[in-house]
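Enquirer: Have a look at this one before I ask anything.
Bear in mind that the values in this text are calculations on the coordinates, not laboratory data. Given the structure is predicted, the values throughout are model-derived calculations rather than measurements. Heads up, the Cβs are rebuilt from the backbone with ideal geometry, glycines too, and the neighbour counts pull from every protein chain shown.
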Amino acid sequence: MVQSAVTPAMTEWAGEILHASEAYPLFATTTRVFGIRQVLARVEWHAPNAHHPTQHRGVTLYEASLATIDATVARGIDISHYQPEVDFKRALASGVSFTFMKASESTGLVDSAFADHWAAAKQVGLLRGAYHFYRPRQDALAQAQLFATQLSDPGELPPVLDLEVADGVPPSLIVAGATIWVDYIAARLGRPLIYTTPSFWNALPGTASIARKTDLWVAHWGARAPASVSGWQHWSFWQRTNQALIPGIHSPVDEDRFNGSLAELRAYSAAVFAERKTVDAMPAAQSEA
């Protein structure tokens, strides 16, 4: 953008990006709307100048077309009661386009922030997905039922089974319980996601049947790309760090990437909605199978 078009608000925004190197590494992009302008910020090398005698990290602002914005990698966050106050409008303006939220855990714990976060994120237009933190020692069906009860509004992204702790349960029983959860939720809310780490999942036996029924949200922090996870050819979402600095959230938070552009994420969400309509239209006896 020409300097005369850069407003003080844009300059302040660029400064926030520049000082949040963990959230915005070199060559990262993000967008924000200023009045009638869609502005894209890109972190890149800047030539030496009066204030910096050597090449340095800087932020360049571009007036972006909607096509340019849709082509950027879709960024998101995942949150729970550990982030009790979230300004979703600011997060959206910073380039966040989706969010996953903890809805429940075990057989009786409902996340205290879920209902408020769920409604607030919808109000600003973020794509939303809910997750259940699975406890292998507890009844899998009861866990699935608790989760489903929270989702009278199922959101725009798939339901998620967060599978990352063993709690002393043998691996084969973890897989058996996860299968029960996946089958119950798939029959009511459509194809789920599995959230897991490569090391945890790859140590489990007989997971191919679950992988065929689900998509993958892989957690692998600090990597250039996530490690492979048995059963899936590719990941759909990647939790790349737990230390992102996001405008509107007071403390570091988990940051996620969709495996595609914003336009492709919207298409993914539309497919989720279409499948959900098919599930809703199934006869009750068939959906119970």
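Enquirer: List the lysines whose alpha-carbon lies under 24 Å from that of Lys89, not counting same-chain residues fewer than 8 positions away?
Expert: Hits, sequence-local ones excluded: Lys102, Lys122.
Enquirer: Tell me which chymotrypsin sites (Phe, Trp or Tyr not before Pro) from the range 71-133 have a DSSP coil assignment and no more than 15 other beta carbons within 10 Å of their own.
Expert: Details: sites: Tyr82, Phe88, Phe98, Phe100, Phe114, Trp118, Tyr131, Phe133; in loops: Tyr82.
Filter output for the range 71-133: Tyr82.
Enquirer: Kindly provide the helix-only [θ] at 222 nm of the chain, computed as the sum of -39,500 (n - 2.57) over DSSP H runs of four or more divided by all residues, to the nearest 500 deg cm²/dmol? Mind dumping the intermediate values first?
Expert: Numbers: 10 runs with 99 residues, N = 289.
Result for the chain, helices only: -10000 deg cm²/dmol.
Enquirer: Mind pulling the angle between the C-alpha long axis of helix 140-149 and the longest principal axis of the chain? Nearest 10 degrees, somewhere in 0 to 90.
Expert: That helix lies at roughly 50 degrees to the long axis.
Enquirer: Helix 8-18 against the longest principal axis of the chain: what's the angle in degrees, Cα atoms only, rounded to the nearest 10?
Expert: Once rounded, the angle reads 60 degrees.
Enquirer: Compute the acute angle (0 to 90°) between the alpha-carbon long axis of helix 262-281 and the principal axis of greatest extent of the alpha-carbon atoms of the chain; round to the nearest 10°.
Expert: 20 degrees
Enquirer: List the equivalent ellipsoid semi-axes of the range 3-68 in whole Å, largest first, each obtained as the square root of 5λ for an eigenvalue λ of the Cα gyration tensor.
Expert: On the way: eigenvalues 85, 39, 23 Å².
Values for the range 3-68, descending: 21, 14, 11 Å.
Enquirer: Using only the Cα atoms of the chain, construct the convex hull and provide its projected area averaged over every direction, in square nanometres to one decimal.
Expert: Numbers: hull surface 66.0 nm².
It is 16.5 nm².
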